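Take a look at the structure below.
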Amino acid sequence: MVQLEVILTALGLLLQPYTLTVMLAAAVFGLFVGSMPGLTATMATALLVPVTFFMEPVPAIAAIVTASAMAIFAGDIPGALLRIPGTPASAAYTDEAYAMTRKGEAEMALGAGVTTSVYGGLFGSAALMFAAPPLAELALKFSSYEYFWLSMLGLACALLVSPGSPVKGAISLLFGLLLATIGIDPMTGFSRFTFGYVQLLGGLSLVPVLVGMYAVAEILRYATTIDAPATLPQKKIGNIFAGQWRMLWKYRWPVMRGNITGTLIGALPGAGADVAAWISYATAKRFSKEPEKFGTGHVEGIAEAGAANNSALGGAYIPATVFGIPGDSITAIVIGVLYMKGMNPGPTIFIRNPELIYAVFLSFFLANLLMLPLGWTAIKASKQILSVPRHTLMPIILMFCLVGSFAIDNVLFAVTVMLIMGIAGFLMEENGIPIAPCVLALVLGPLIENNFITSMMKAEGHLLPFFERPIAGALGVITILVWLTPLALWLWRRSRWRAAAGA
Amino acid sequence: MKFNDAIIGIVVALFGAAVISQAWYFPKAQHIPYGPGFLPTLLGIGLVICGGLLVIGGLTHRREQPVLALGAWASSPRHAFGFLLVLAGLGFYVLFADDIGHFACSVIILFALIAHLSRRPLYALAIAIVASVAIQMFFVEILLVPLPWGVLEPYSGWFNWR
C-alpha cells in the first residue's frame, strides 16, 4: 500500500515553481506541435528530449507527459477545422469531426475533443496510479525468463498492430533489433557493427535516431509535398463548452468504454493512442443505438475515441515504468530518458525512488487538468496557430533537430546518424514500411538479447526452463500465440480467397 | 519514391546476407552456443526470409506496381530541389560546423531553405538571422550546449550576456 507520506513528498516535488513553469512551457509546445498537421506527439517528445536532458528527473518527465498529452488532444483541432489530423491519434475521427464543422457544429466537435480528452486522460492516469504499484510488486519476482517473454510479447504486439503488410512490419522490426546490436556486446565485450567508429562503441544514441526518423523524415516529406495548403474556414468559434455536460452524460457508457479500451490498448506493449482511437471509433459505431448517423457528423464516435486516445497515454506508462517495456513509441523515448536520469525503469524504482515515480504519476493528473483551460485557449487561437507559415517553421524545426541531436553527446557524429536515419525513415514510410516497430525494437533489443543470454546461461542451454516457472510459462504461451496470429490470419484469408477463387 | 516490392525485397535480402556474413566472423562464446553473433545471424536470416517474401509478392504484382514510382515531386524541379536541399543542408553542417562554427552554418542553412520554400530572399535572411540568434541563446546560454564556434570563436563573446 502506498503511504500518504510518499504521495505528499511527490506532490511537493511536482509543485515547485520551476517544474510548473516547465510544464506550462511544455504544454504550449505540445499544443502547438499537436495542432500543426504533420508534427506528431511522438515528434514533440523526441524534440523535447535534448531540452529535458538538462533538467532534474521530475520536471524532465513531467514536461514530456504534458507535451504528449496536449499534442494528442491538439491533433483534434486541425482535424475538425481542416479535415487534416494534427497527429495520427486523431485520424480515426477526423472525417466525422469535419462533417460536424460543416454542419455548423464545430464548437461541439472541438468541445468534445477537450472534455473527453481530459476525462480519458484522468482515467488513464488513475489506472496508471492504481495498477502500476501492485504490478511492480508482482514484477519483483520476475527473473530473466519472464523479462525475456515480456519483451518478446512487446515485439509481437508491435507487429500485430502495425498497419499494412505484416512482412514490411517484420522488416522494420528486424531492422530496429539490428540497430540495437550496434556497439559493444555486453557478454563478451566484442564490438559489433561499429566499422571502426569509436562513437558507435556505446551503441546508437536513441535521440538522433528518433529525431531523424520522426522529424527529419517529416521535413523531407514536407519539402516534397505538392498539394496546396488547406484554408481555414473564416467563421469565428463560439463557446466550446456549451452542452458538454449533457453530451458526456448522454454518452457516458461509450466514453467509459473508450476510457477502458484506451487504457488497455495503451498498456499493451507496442500499441498506442492511434490504435486505441481506431478501435474505439469502431466499437462506438458497432454498439451505437444510431450507427447510421456515423460519418454524417455525429459526436458519439468522437467522444469515445477522443477519450480512448488520451487514456492510452497513461496506460502506456504502466508497462514502461513497471517493466521498462514501452507501451507505445512515446514511452519508448521516455524509457530512454528515465535511464539517462538514473531512474532505471523496473519494479525496483517503486521501492528505491517511490516519490519520483509518484511525482511522474501526479504530473499526469496535473497535465490533464491543465488541458481544460489551455485547450480552450488553443482552440481560440487556432486560427493564428494554423496560419504560421510552414515554409518558415519547417527549416527552424530542422535546426532544432540538428542542435538537439548534437546536444546529447556533443558530437557531430550524432548529426550524421540523424541524417542517415532521416533518409531511412523517409524511404521506409514512402514504401509502406512502418517506423514504430523499428523504434520499439531498438528499445527492446538489448532487453531481449541480455535476458535471453542470461536465461540460457542459467538453463545451461536448455529451452525447457523458459516455461517451467508459472508466470514465465503463461507469458511464453501467450507470446507464441500472439506471434502466430498474423500467420494464422494470413492462412485463413488465403484459404478463403482460394475457396472464393475456386467457386 | 516508391519502389516495387521486389526491389525492396532484394535490397533487404542482400542486407540480411551481408549481416550474416559479418556476424559469421564474430567470436564464439565460451560455454554456450549463443555468442555475440547469435542474434545478428538470426536477424539476418529473418531479413533474408522477409526480403524473399517481398520479392515473390512484388513479382506477382509487377503488372500493377512499377519498378519505381517516383511520386509527383520528383518531376517538379522545385520539389526535387527542396528535397535535396534539406539533405545538402544537413551534410553541409556535418562537414563544416567544426570549421565555420554552428552560428554561421545555421544562418546559411536556414536562409537557403526558407528562401527556397517561401521564395522571399529578404524575408528568409531576416528570419534566418533572428532564428539563429534565438537558437544560439536558448541552447548555448540557457542549456549550455557547447556548440562549435569555428572561425567565429573571437566573436563568441557577443552572445555572452552573463
(request) Note down all Cβ pairs under 6 Å where the first residue falls in the range A:189-206 and is on the phi < 0 side of the Ramachandran plot, the second is of a type in the set (S, T, Y) and assigned to a strand (DSSP E or B), and they're at least six residues apart or on different chains. (result) A:L201/A:S191
(message) Exactly one condition in (1) of a type in the set (S, T, N, Q); (2) within 7 Å of another protein chain (Cβ to nearest Cβ); (3) on the phi < 0 side of the Ramachandran plot is false for A:N450; which is it?
(response) (2)
(request) Consider A:I77 carefully, then state whether it is more than 29 Å from A:I357 (Cα to Cα), in a helix (DSSP H, G or I) and of a type in the set (V, I, T). (result) yes
(message) Tell me yes or no: at least one residue of the range B:116-135 is more than 9 Å from chain A (Cβ to nearest Cβ), exposed (fewer than 13 other Cβ atoms within 10 Å of the Cβ) and assigned to a loop (DSSP other than H, G, I, E, B).
(response) no
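Mind telling me which of the residues A:Y93, A:Y18 ends up being within 14 Å of chain B (Cβ to nearest Cβ), over 20 Å from A:A332 (Cα atoms) and either in contact with a Ser or Thr (Cβ under 8 Å, 6 or more places away or on another chain) or assigned to a helix (DSSP H, G or I) (or both)? I'd like the intermediate steps shown before the answer.
Values: A:Y93 fails: within 14 Å of chain B (Cβ to nearest Cβ).
Exactly one residue qualifies, and that residue is A:Y18.
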(request) All but one of (1) surrounded by fewer than 18 Cβ atoms within 10 Å (Cβ to Cβ); (2) out of contact with any strand residue (DSSP E or B) (no Cβ under 6 Å at 6 or more places or on another chain); (3) touching a residue at least 12 places away in the same chain (Cβ under 8 Å) hold for B:S75, so report the exception by its number. (result) (3)
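Closer than 24 Å to A:A41 by Cβ, free of Cβ contacts under 8 Å to residues at least 60 places away in the same chain, more than 12 Å from the chain's Cα centre (by Cα) and surrounded by fewer than 24 Cβ atoms within 10 Å (Cβ to Cβ), is that true of A:R246? First the steps, then the outcome.
Details: closer than 24 Å to A:A41 by Cβ: no; free of Cβ contacts under 8 Å to residues at least 60 places away in the same chain: yes; more than 12 Å from the chain's Cα centre (by Cα): yes; surrounded by fewer than 24 Cβ atoms within 10 Å (Cβ to Cβ): yes.
When the stated conditions are applied, A:R246 does not pass them.
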(request) Working carefully through the options B:V19, B:V55, B:V86, B:V94, find the one that is assigned to a helix (DSSP H, G or I) and more than 9 Å from every other protein chain (Cβ to nearest Cβ). (result) B:V55
(request) Select from the range A:52-96 the residues that are within 22 Å of A:F361 (Cα to Cα) and β-branched (V, I, T) and list them in ascending order. (result) A:T52, A:V58, A:I61, A:I64, A:V65, A:T66, A:I72
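Every number here is computed from the coordinates shown, using simple stated rules; none is lab data. Because the structure is predicted, anything quoted here is derived from the model rather than measured. Here Cβ is always computed from backbone atoms with ideal geometry, including for glycine, and neighbour counts include all displayed protein chains.
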